[in-house]
Every structure is written in structure tokens, then in C-alpha cells.
1. So which residues in the stretch 106-127 are farther than 20 Å from residue 6 by Cβ and assigned to a helix (DSSP H, G or I), if there are any at all?
2. Taking the stretch 26-45 as the search range and keeping residues that are more than 13 Å from residue 8 (Cα to Cα) and in contact with a strand residue (DSSP E or B) (Cβ under 8 Å, 6 or more places away or on another chain), which one is surrounded by the fewest Cβ atoms within 10 Å (Cβ to Cβ)?
3. Could you identify the single residue in 38, 44 that is assigned to a helix (DSSP H, G or I), touching a helix residue (DSSP H, G or I) at 6+ places or on another chain (Cβ under 9 Å), more than 19 Å from residue 19 (Cβ to Cβ) and modelled with pLDDT of 95 or more?
4. Restricted to the stretch 106-128, and to residues that are under 17 Å from residue 77 (Cβ atoms) and free of Cβ contacts under 8 Å to residues at least 40 places away in the same chain, which residue is surrounded by the most Cβ atoms within 10 Å (Cβ to Cβ)?
5. Search the stretch 47-64 for residues being touching a helix residue (DSSP H, G or I) at 6+ places or on another chain (Cβ under 7 Å) and in a loop (DSSP other than H, G, I, E, B), and hand back the single one that is nearest to residue 9 (Cα to Cα).
6. Which residues, taken from the stretch 65-92, are in contact with a strand residue (DSSP E or B) (Cβ under 8 Å, 6 or more places away or on another chain), modelled with pLDDT of 95 or more and either outside any strand (DSSP E or B) or surrounded by fewer than 19 Cβ atoms within 10 Å (Cβ to Cβ) (or both)?
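The values are calculated or read from the model by the stated rules, or taken from the named source; none is laboratory data. The structure displayed is predicted, hence computed values, not measured ones. Note: ideal-geometry Cβ built from the backbone for every residue, glycine included; neighbour counts use all protein chains shown.
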């Protein structure tokens, strides 16, 4: 069975681009899109995704606040933080919130690899301030 993915980003264009990229894998299904963390929590509960691709900076509720709520509701779901914030402190905060992946938007070419890893419940952390994957 394929992966069910929820995309969370306040930018509609980013959500659309991610949806197109993820649609290249027939076994993956984007089950929903949310524009902020509060909406993401409700959608995650309703849609039961395997993976949540989560931005950090959003109105209403940011991704770091939404992540632990999603993990409480869906402990088996993996959260991949997909952000422009390239800082070790932000990565630590994401991990503390329950995220098992971190990817910079500027390195979106790693997205498919990140989703593959998370689909196997393996962590994926990629950023300029982090050790680079080979």
C-alpha cells in the first residue's frame, strides 16, 4: 500500500509544487493540504496521513507547535519539516517537537528521498548546517 501524505504550508504555490512533485510516484497519494498548523491538526486527525510535510512559519499556528499535537493524535505518522530556516537550533526544536525529518526548501531536490526514508520510518535531516547526505 502506498503512502498517504498531508502537505502543510501557508503558500498555495508551494503546496501545489510539492503536490506535483509527489504525484510523480504512483504509490504516493497527497490526501490533503493545509495552510496553517491548526488546520493541519484537524486534517491529520480526519485523513490519517502516513507523512506530514510541515512548514514552520505560518499564521495562526506554526509548524513547531502543530507537530507535537499531530504526533499525539497519530503516533505512527512521520513529520518532515520543510522550511527555509537553516539553523541548528531550529533543527533541535523540530526534533523536540517530534519531527523525524528536516529539509530546507532550497534543497527541495531531496524531497523524494526524504519522503522515501520517512515512509520506512527512518529519520532524514538535511541542511547546510547539518552533515550532508551522500
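1. 106, 107, 109, listed by residue number.
2. Narrowing the stretch 26-45 to residues more than 13 Å from residue 8 (Cα to Cα): 26-29, 45.
After this cut, where a residue has to be in contact with a strand residue (DSSP E or B) (Cβ under 8 Å, 6 or more places away or on another chain) as well, the list is 27-29.
Numbers: 27: 8, 28: 20, 29: 16.
Checked the stretch 26-45; the qualifying residue surrounded by the fewest Cβ atoms within 10 Å (Cβ to Cβ) is 27.
3. Working: 44 fails: more than 19 Å from residue 19 (Cβ to Cβ).
Residue meeting the stated conditions: 38.
4. Of the stretch 106-128, the ones under 17 Å from residue 77 (Cβ atoms) are 114-124.
Restricting the remaining residues to those that are free of Cβ contacts under 8 Å to residues at least 40 places away in the same chain gives 114, 116-117, 120, 122-123.
Numbers: 114: 25, 116: 14, 117: 20, 120: 9, 122: 12, 123: 14.
Among those that are under 17 Å from residue 77 (Cβ atoms) and free of Cβ contacts under 8 Å to residues at least 40 places away in the same chain, it is 114.
5. Kept after step one, since they are touching a helix residue (DSSP H, G or I) at 6+ places or on another chain (Cβ under 7 Å), are these residues of the stretch 47-64: 50-56, 58, 60-64.
Going one step further and asking which of them are in a loop (DSSP other than H, G, I, E, B), we end up with 50, 55-56, 58, 60-62.
Numbers: 50: 17, 55: 5, 56: 8, 58: 7, 60: 12, 61: 11, 62: 10 Å.
Here the answer is 55.
6. Those that are in contact with a strand residue (DSSP E or B) (Cβ under 8 Å, 6 or more places away or on another chain), modelled with pLDDT of 95 or more and either outside any strand (DSSP E or B) or surrounded by fewer than 19 Cβ atoms within 10 Å (Cβ to Cβ) (or both): 66, 67, 70, 71, 77.
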